[in-house]
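Here the structure is laid out as structure tokens; the discussion comes afterwards.
Just so it is clear, none of the values below were taken in a lab; they were calculated from the coordinates. Fair warning: this is a prediction, and the values are worked out from it, not measured in the lab. Methodologically, a virtual Cβ is constructed for each residue, glycine included, from the backbone with ideal geometry; neighbour enumeration extends over all protein chains shown.
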Amino acid sequence: MSQLTKRKVVSLRREWRHFDKEDSNAIDFLELCERMLDVGEFLLAHDVARAGLRRNKGNKDLSQRSAYALTKAGSPSLAAAILEELVSSGVRGVETLSLLASCYKDLCESSVDPDKKQEYADLAIARYEQGFFRDDAPGQKQSDADNLYYPCINVAFMHFVCTNYNSAREYAAKARDLCQEVKDSGRVNYWVQATIAEAYLLLGEIHQSVAAYQEAVLLEDAQPSHIASTRKQALQICLLYEDRSIGEKISAAFPTLGIVACSGHLIDNPGKRRRFPEEAEKIVRSKIVKQLEAIDATCGYSSAGCGTDIIFLEVMAERGGETHVFLPFAKEEFIETSVKRVGSDWVSRFERVLDQATSVHYVTREGYYGDDTLFSFCNDVMLGFAAMRGRGLNEDPKLLLFWDGNPGEEGGTGEVAESWRKTFNEPNVIWANEVLEELDQEDPVPIQVKPAEPQLKKSFGDSDTAMRSVKTMLFADVEGFTNVHEDMTPKFVDAFHGNTARMIDELNCKPAFVNSWGDSFFAVFDDINDALRLAISLRDFFAQGKWSDLTSSGGMEVRISLHAGPVYEEFDPLLKKRNFFGQHVNQAARIEPIVLPGSVFVSETVAALISYRYQDFDFEYAGNLELAKGFGAYPVYILQRKAGK
């Protein structure tokens, strides 16, 4: 049995929170980092490696693991910078050179500019060959087959994707022979067996390749992240064969992590339409168990309402899988609106699934206040996190629903189903009407009990006019404005404000609010897509601008931050118009001072939404960074255009 299917996932996030960062040594950091890499927690692994490097500066192994984690998280350019610095310091071993080459390989894959694509391909081949043929540094022993097969098979791969088929097969044969030498000596492991399989695939020996991949994934050291990496490269090779059935055969040889998001109806309230009576729980649970078995699920994403959500989280925990829980607002109010049911133990079950969860995420820690848009926003963020996890493992997540097939209310199951179809695939549905039929009983006479009205908390200021809604906030600040010649200030303001106004005019929808103060700019958007477009346009405007007549240095950059969340809209007596306030406005503002000049930093919430719905954009992980003014540490990402967009 594969290690993938039998492993019991522990809460690595919880372990990291309690990790002794002050007294632990490099080996302690490295061991935790490796375990996170093994289960595909690439972003956490990078944070661990980077924290270890702060206490163990220049540690080769932690630098390599940091770069590897960034590469797997989709940040090859940042990883390449770390590794080039390592190579420049004199670390030129096979592993370092091969990792660096793999960064260039990923950059080659994502680039659509033919010249850049070829440049990255050449860099990848050169670094792989440097690792394969490298001269020993003083005091080092010549690498044997255990080290050389990795750069060798990747040289073969790069030649293959560059359609240098003769060279590709020459190196593939060498890699296969090197691995066979290792295997014959009894030192077989996952990577040795997977390399044999890839060599057969490059040589066109498909039957042998499938058998070798199947053998590899059953080995004890076959980890989810390893399998995902191998599968991705194998399917890239398959695309270059005219016979489409080759890809199907190869794909069938691999298991997947089994990433699944879940949504569904709550247990029926008295007096409400009959969709999920409490007596149907056993049937629904049984069907969820069967669905998760079929998906081979080990990684689950869900909210935690009574009914479908809690049952799903309980079944995932019983399977030994990860559970990632998403709540739309404060826990106490979520219990009141979505968990409490008369005569049941749903609250204690809710507390238990939160205690068992791998992670718990809040869209906002404020109250509900009757704002149903928070349920929709929470669903999008939850599905975005599932998409982000699939991105790192080259796997499309699945969606499991318990649903009556009706559109339903805002933030309901019908809305989730429609949204998912547009982005991924058809959801796996457990149909509510079929469950009701199995109960084999007539609808009970509805008991007319009026549900308790949620208590709405008064906001600050004018409580009659204050409103709260989900918005995207953009902050921009010009780096180098203090170097602008005093007499050139009007010209700078005209260039900055004038061009920003022009960019706004080109958006689909104007911002809900705009404010500026000299070298800074703040905007609030109803549509996150417009916020993303403006952020990239502003970044490019400053990058391409010529400022020699304005500053002595001749250059200026802009720092831009984006965050999305529920904020308050209220009349501002100073500006004499409505303005936006709240914790999420503050979070967007606190990201901006830590942005690298010339970059756009976005919150994890925005990165999740990009993963799920906004395919014109991409991002790289910057790290779990301390925000300005003691706001706390949060995961932060660097916004980019999608290759070719």
Residue by residue through region 311-318, what is 3J(HN,Hα) from phi via Karplus (6.51 cos²θ - 1.76 cosθ + 1.60, θ = phi - 60°)? Round to whole Hz and write x for glycine and proline.
4, 4, 5, 5, 5, 4, 5, 4
Taking the highest mean first, how do the peptides 329-336, 54-61 order by number of other beta carbon atoms within 10 angstrom per residue?
329-336, 54-61
Under 5 Å from the placed amide H of Glu366, counting only residues 5+ away or on other chains, we find Ala330
Placing unit charges on C-beta atoms (Lys and Arg positive, Asp and Glu negative, everything else neutral), compute the dipole magnitude of the chain about its Cα centre in debye, rounded to 20.
480
Could you tell me whether region 208-273 comes out rounded, prolate or oblate from its Cα gyration tensor? Rule is a ≥ b ≥ c as square roots of the eigenvalues, rounded for a/c under 1.5, then prolate if a/b exceeds b/c, otherwise oblate.
prolate
Could you work out the local net charge near Ile259, counting Lys and Arg as +1, Asp and Glu as -1, over the other residues with Cβ closer than 11 Å to its Cβ?
-1
Binning every alpha carbon pair distance of the chain at 20 Å from zero, what are the percents per bin?
17, 47, 31, 5, 0
State the dimensionless ratio Rg/Rh of region 144-255 (Rg: radius of gyration of Cα atoms; Rh: Kirkwood radius).
0.94
Taking R0 as 56 Å, what's the FRET efficiency between Arg365 and Asp540 from their Cβ-Cβ distance, rounded to 0.05?
0.95
Rotationally averaged projected area of region 260-439 (alpha carbon convex hull; nm²):
9.6
May I ask you to evaluate 6.51 cos²θ - 1.76 cosθ + 1.60, the Karplus curve with θ = phi - 60°, for each residue of region 521-532 and list the ³J(HN,Hα) values in order in whole Hz, giving x for glycine and proline?
8, 9, 9, 10, 10, 6, 10, 5, 4, 5, 5, 5
Note to self, the chain gives a 222 nm [θ] from helices alone (DSSP H runs n ≥ 4, -39500 (n - 2.57) apiece, / all residues, nearest 500) of -15500 deg cm²/dmol
Would you mind telling me the antiparallel percentage of the DSSP bridges in the chain, rounded to 5?
65
Long-range amide H contacts for Asn579: which residues qualify at under 5 Å (H placed 1.01 Å from N, peptide plane, sequence gap of 5 or more or a different chain)?
Glu570, Phe571, Asp572
Looking at region 233-275, which trypsin sites (Lys or Arg not before Pro) are DSSP coil and have at most 12 other C-beta atoms within 10 Å of their C-beta?
Arg244, Arg273
Distance between the C-alpha centers of region 606-625 and region 164-242? Whole Å please.
32
Sort region 32-123 into rounded, prolate or oblate with this rule: let a ≥ b ≥ c be the square roots of the eigenvalues of the Cα gyration tensor; rounded if a/c is under 1.5, and if a/c is not under 1.5, prolate when a/b is larger than b/c, oblate otherwise.
oblate
In region 581-604, whose amide N lies under 12 Å from the spot 7 Å out along Cα-to-Cβ of Phe631? List them in ranges.
582-595, 601-604
Show me, for region 567-574, the HN-Hα J-couplings you get by feeding each phi into the Karplus relation (A = 6.51, B = -1.76, C = 1.60, θ = phi - 60°), rounded to Hz, glycine and proline as x.
9, 8, 10, 8, 5, 9, x, 6
Looking at region 467-641, send over the antiparallel percent of its DSSP beta bridges, to the nearest 5.
95
Long-range amide H partners of Leu625, meaning residues 5 or more apart or on another chain whose placed amide H is closer than 5 Å, are Tyr634, Val636
Which of the residue pairs Lys117/Lys249; Lys72/Lys105; Lys72/Lys174; Lys510/Lys577 have a Cα-Cα distance greater than 19 Å in the structure shown?
Lys117/Lys249; Lys72/Lys174
